[in-house]
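Report on the following structure.
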Amino acid sequence: MSDAHDNSTAECDVSDLPRPAILTPRQMLEEREDINVLAPLVRCSKLPFRHLTSMYETHITHTPMILAEEFSRSQIARTADFSTSVYERGVFWMRERNTKRRKLESEEEDQGQRDQAYYSSLRARPLPCARQIDPSYGRLPSLLQPPGKDYVLTRGILLAQFASPTGKALADAVELISTPVAGAEGDQSVRLVDGVDLNCPWAYASGQSAQLQVALLLRSLTQPKCTGIGSGLLRKPELVADMVRAVKDRMGWDYNISVKIRVDSDLQYVPLSSTAFTPD
């Protein structure tokens with residue numbers, strides 16, 4: 001039996017396992033290395049699939065795109081579009097970012113060699129075992145001990161992706177999905193998501209779910225002036241900036257919001273005003 005398997009969480013005492021660091025998305029991107037992200041996938045990246053990917057070193061996961069107006073107006077839409085659990089986010093040994101060490105490593109090996117070494121280290125780790133959850137600890141990492149120097153136990157991140165035509169609709173939806181709830185142990189409130197993502201590249205396609213197609217059809221018939229979501233926002237950078245500011249005005253300027261944007265051949269539509277991310 002290999003040492004890696006002996007170090008797995010299948011049969012072991014977790015009493016000495018440190019509590020995982022809880023980072024914001026920005027902190028993880030700035031302070032950790034080799035981050036794996038599950039992008040929003042139409043009809044796929046729902047709770048069961050997100051939980052599955054979190055068992056295989058996926059550090060940041062996204063929900064499928066949610067229509068903000070319908071989510072904020074209808075309990076049925078909220079139930080259909082979003083579900084989560086206290087055990088959804090994985091727990092990982094992640095290497096702390098060290099600029100000096102990275103510089104030395106980059107001088108010694110090219111990026112291809114470094115990527116190969118990283119994925120080789122992943123293959124050497126044990127596969128997820130049946131015991132992924134401990135009643136007293138919560139989600140468990142695949143290893144009880146760090147796989148090397150500078151590794152820190154870190155909790156994964158869940159982001160909700162929205163499409164919205166207005167800042168108010170987006171802020172209403174974000175406020176609902178970010179309402180604190182009781183934690184696993186009932187003594188600490190936690191948010192259902194760690195931040196949100198505003199979707200700009202999305203456009204109408206046959207691969208969308210029937211629910212989205214019906215919602216868009218009804219909106220085009222009843223609210224012809226409010227159909228500008230998804231890729232339509234590429235031509236409205238000021239509106240995107242207003243929506244970001246609306247969320248931060250509602251939730252606080254430390255709230256995490258990102259914008260998924262398609263690179264347009266006309267560069268005037270690509271950058272967003274920096275004032276969208278800074279208070280007056």
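The values are calculated or read from the model by the stated rules, or taken from the named source; none is laboratory data. As the structure is a prediction and not an experimental result, all values here were calculated from the model. Backbone-built Cβ (ideal geometry, glycine too); neighbour counts: all protein chains shown.
The figures follow:
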quantity: Condition met for D34 (among the acidic types (D, E) and without any contact (Cβ under 8 Å) to a residue 12 or more places away in the chain); calculated: no
quantity: Matching residues in the stretch 146-175 - criterion: being surrounded by fewer than 15 Cβ atoms within 10 Å (Cβ to Cβ) and modelled with pLDDT of 90 or more; calculated: E175
quantity: Filter result (within 20 Å of the chain's Cα centre (by Cα), in a loop (DSSP other than H, G, I, E, B) and modelled with pLDDT under 90) within the stretch 242-279; calculated: I261, R262
quantity: Contacts under 7 angstrom Cβ, first residue in the stretch 161-172 being over 13 Å from L239 (Cα atoms) and in contact (Cβ under 8 Å) with a residue 60 or more places away in the chain, partner of a type in the set (S, T, Y) and assigned to a helix (DSSP H, G or I), 6 or more apart; calculated: D172/S72
quantity: Leading residue by the ranking (modelled with the lowest pLDDT) among those in the stretch 129-144 that are in a loop (DSSP other than H, G, I, E, B) and surrounded by 13 or more Cβ atoms within 10 Å (Cβ to Cβ); calculated: C129
quantity: Whichever residue in the stretch 47-81 is free of Cβ contacts under 8 Å to residues at least 24 places away in the same chain and of a type in the set (V, I, T) and, among such residues, is farthest from A173 (Cα to Cα); calculated: T53
